[in-house]
Amino acid sequence: MKRTKSFLKSIGNIRLHRISSNVEDVMHSFDNEDLAKSSKEFDLSSDILPIQHSLGMNWDLETDTFPYYIDRDVKPYTRRGLLSTINSIFDTLGYLAAVTIKGKLLIRSVMTGQIMWD
């Protein structure tokens, strides 16, 4: 970690901070002020680890997974409602592409038809 920190500092004065990890050795290799606020408050060996939020993504430190939360509000069965439902799924890494592609193909077929927006 020290090598990475010094390299980033040398190429552009980039400082790694707000670090969070579920590996105790990684957490101890950073100074306390470089850790994420939520990471300072728990003990990796005994506490239940929280869900970390970063760049629109959620990371469950306990299970080391990326949970997705889908809005279950029922939208109207219209073009606008379909578009709202499909586009409400934020998937920057593309993990849900196999699921969301079907909705996007449905949007494309609806857009070419004569169906009204509302």
Exercise for the section: Return a whole-number percent for the relative contact order of the chain, with Cα pairs under 8 Å and 6 or more residues apart as the contact set. Expected result: 15 percent
Handout entry: Residue-span extension gain [M111 to V99] - 0.36 nm each, minus C-alpha spacing
Key = 2.4 nm
Problem - Lys/Arg +1, Asp/Glu -1 at C-beta; the chain dipole; positive extreme among H53, I89, P67 - result: I89
Fill in the blank from the handout: GNM of the chain, Cα pairs under 10 angstrom: of N22, N87, N13, the biggest fluctuation goes to N13
Fill in the blank from the handout: FRET efficiency for S88 and T63 from the Cβ-Cβ distance with R0 = 25 Å, rounded to 0.05, comes out at 0.55
Problem - Cα-projected label distance for I51 with E33, points at 7 Å along beta-carbon direction, nm - result: 3.2 nm
Exercise for the section: Provide, for the chain, the number of lysine pairs with alpha carbons under 21 Å apart, each pair being eight or more places apart or on different chains. Expected result: 6
Exercise for the section: Enter the accessible area per residue of the chain (Å², integer; probe 1.4 Å; all protein chains in place). Expected result: 78 Å²
Problem - Carbon and sulfur %, accessible surface of the chain computed with the full protein complex present, 1.4 Å - result: 57 percent
Handout entry: Acute angle (nearest 10 degrees) that the helix 2-12 long axis makes with the longest principal axis of the chain, alpha-carbon atoms
Key = 70 degrees
Practice task
Counting other Cβ atoms within 10 Å, keep those with at most 16, restrict to DSSP loop, and tell me which trypsin sites (Lys or Arg not before Pro) in the stretch 5-95 are left.
Solution key: R15, R18, R72
Practice task
Would you tell me the accessible area of D31, worked out with a 1.4 angstrom probe on the heavy atoms of the protein chains, in Å² to the nearest 10?
Solution key: 80 Å²
Handout entry: Correct choice for mean projected area of the Cα convex hull in nm² that was computed from the model, options (i) 10.9; (ii) 8.0; (iii) 13.3
Key = (i)
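The values are calculated or read from the model by the stated rules, or taken from the named source; none is laboratory data. Worth saying up front: this structure is predicted, and the values here are computed from it rather than measured. So basically every Cβ, Gly included, is an ideal-geometry build from the backbone, and we count neighbours across all protein chains shown. All accessible areas refer to the heavy atoms of the entire protein, side chains included, with ligands and DNA or RNA removed. Shrake-Rupley method; radii C 1.70, N 1.55, O 1.52, S 1.80 Å.
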